[in-house]
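Visitor: Attaching a single structure in C-alpha cells format; questions to follow.
The values are calculated or read from the model by the stated rules, or taken from the named source; none is laboratory data. Bear in mind the structure is a predicted one, so any value in this text is a computation, not a measurement. Cβ sites come from the backbone with ideal geometry, for glycine too, and all protein chains shown count toward neighbours.
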Amino acid sequence: MATNKYDYELPTFCPKKIRELSHKEKEVLFKRICNLENWKLGIEAMIPEKKFDDYNAAVIYFTGGPLDIVTRVDDKGMVGVVGYGYYHHVGG
C-alpha cells in the first residue's frame, strides 16, 4: 500500500474485474431489452441481477449511457432496469 508525507497508508482502488464482451455478445444482450421498433429510445426491462454488468456494458456500447436498477425482485433474482437511450445521450 502507498504512503504519503504524513506516513499513513493510502487506500487503493481495486475495481471489480469485468470480462470484455464481443460486439456480437453485446448486440444479442442489447436486442433482448431495447425497443425493437426504435432502438434509440429509452429502455425499461427486467434482467437477471447476476447479468447486470453484461447488459449494462451492452447498453453503454450502443447508447452511450448506463442502465439504472430501479426495482429488485428477489424471488427470481431479476431486477428492473431503465436506460435513457441513444437520443438522450447524444443530445438528439
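Visitor: Check 24, 40 and return the single one that is out of contact with any His (no Cβ under 8 Å at 6 or more places or on another chain) and surrounded by fewer than 10 Cβ atoms within 10 Å (Cβ to Cβ). So that I can check it myself, show each step before the final result.
Guide: Details: 40 fails: surrounded by fewer than 10 Cβ atoms within 10 Å (Cβ to Cβ).
Going through 24, 40 in turn, just one is out of contact with any His (no Cβ under 8 Å at 6 or more places or on another chain) and surrounded by fewer than 10 Cβ atoms within 10 Å (Cβ to Cβ): 24.
Visitor: Among residues belonging to region 66-89 that are in a loop (DSSP other than H, G, I, E, B) and within 16 Å of the chain's Cα centre (by Cα), point out the one that is surrounded by the fewest Cβ atoms within 10 Å (Cβ to Cβ).
Guide: Keep residues of region 66-89 that are in a loop (DSSP other than H, G, I, E, B), which gives 66, 74-77, 84-85.
Filter again for within 16 Å of the chain's Cα centre (by Cα), leaving 66, 84-85.
Values: 66: 14, 84: 17, 85: 22.
In this case the residue turns out to be 66.
Visitor: Could you check, for region 12-19, whether at least one of its residues is closer than 16 Å to residue 58 by Cβ, within 16 Å of the chain's Cα centre (by Cα) and either modelled with pLDDT of 60 or more or not aliphatic (A, V, I, L, M) (or both)? Steps first, answer last, please.
Guide: Taking region 12-19 first, the residues closer than 16 Å to residue 58 by Cβ are 18-19.
Still in the list and also within 16 Å of the chain's Cα centre (by Cα): 18-19.
From what's left, either modelled with pLDDT of 60 or more or not aliphatic (A, V, I, L, M) (or both): 19.
Yes, because at least one residue in region 12-19 is closer than 16 Å to residue 58 by Cβ, within 16 Å of the chain's Cα centre (by Cα) and either modelled with pLDDT of 60 or more or not aliphatic (A, V, I, L, M) (or both).
Visitor: Let me ask something additional. Yes or no: region 27-49 includes at least one residue that is of a type in the set (Lys, Arg), outside any loop (DSSP other than H, G, I, E, B) and either modelled with pLDDT under 95 or more than 15 Å from residue 85 (Cα to Cα) (or both). Step through it out loud before you land on a result.
Guide: At the first step, the residues of region 27-49 found to be of a type in the set (Lys, Arg) are 31-32, 40.
Add one more test, that the residue is outside any loop (DSSP other than H, G, I, E, B), and what stays is 31-32.
Now narrow it down to the ones that are either modelled with pLDDT under 95 or more than 15 Å from residue 85 (Cα to Cα) (or both): none.
No, that holds for no residue.
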